[in-house]
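Please read the structure below before turning to the comments.
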Amino acid sequence: MKTQKVQFDGKAYDCRVVESNEGEELLIGSTLLLDALQLGSFEDKNEGFASEEAGRIYDGIFFFTNASTLQLSDEKLIAELKKDNPDWFE
């Protein structure tokens, strides 16, 4: 199980790293991180993100899921991700 911490607004969020069917490493974030990134209104100039930094972080995350799914084994996590992203996983 490969993990990576993402820092935002003074907090560290644990994310998972999984490999796509083409060998690309994809970052999977928690919905807690998503909630922190999207504090703003989507009518704001920064499109609803808490800051420009939040928008950049968001762009680097492939998928967001709940904390319990992030704790699954690699095989089970990929099976869950495949449901919404079949073209990315075998």
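The values are calculated or read from the model by the stated rules, or taken from the named source; none is laboratory data. All values derive from a computational prediction rather than experimental measurement. Methodologically, a virtual Cβ is constructed for each residue, glycine included, from the backbone with ideal geometry; neighbour enumeration extends over all protein chains shown. For the accessible areas, the whole protein counts, side chains as well, though only heavy atoms, and no ligand, DNA or RNA atoms are used. Shrake-Rupley method; radii C 1.70, N 1.55, O 1.52, S 1.80 Å.
The condition of being surrounded by 14 or more Cβ atoms within 10 Å (Cβ to Cβ) and polar (S, T, N, Q) holds for Ser30.
In summary, Glu24 fulfils each of the numbered conditions (1) free of Cβ contacts under 8 Å to residues at least 12 places away in the same chain; (2) in contact with a strand residue (DSSP E or B) (Cβ under 9 Å, 6 or more places away or on another chain) with the single exception of condition (2). Across the range 5-23, the qualifying residues are those that are assigned to a strand (DSSP E or B) and exposed (fewer than 14 other Cβ atoms within 10 Å of the Cβ), and the one among them that is nearest to the chain's Cα centre (by Cα) is Lys5. For the range 53-90, filtering for residues that are outside any helix (DSSP H, G or I) and within 19 Å of Tyr13 (Cβ to Cβ) leaves 9.
Open to solvent by less than 80 Å² (accessible area, probe 1.4 Å) and in contact with a Cys (Cβ under 7 Å, 6 or more places away or on another chain) - does that describe any residue in the range 70-79?
Going residue by residue through the range 70-79, those that are open to solvent by less than 80 Å² (accessible area, probe 1.4 Å) are 70, 72-74, 77-79.
Next, only the ones that are in contact with a Cys (Cβ under 7 Å, 6 or more places away or on another chain) stay: none.
No, there is no match, as no residue in the range 70-79 is open to solvent by less than 80 Å² (accessible area, probe 1.4 Å) and in contact with a Cys (Cβ under 7 Å, 6 or more places away or on another chain).
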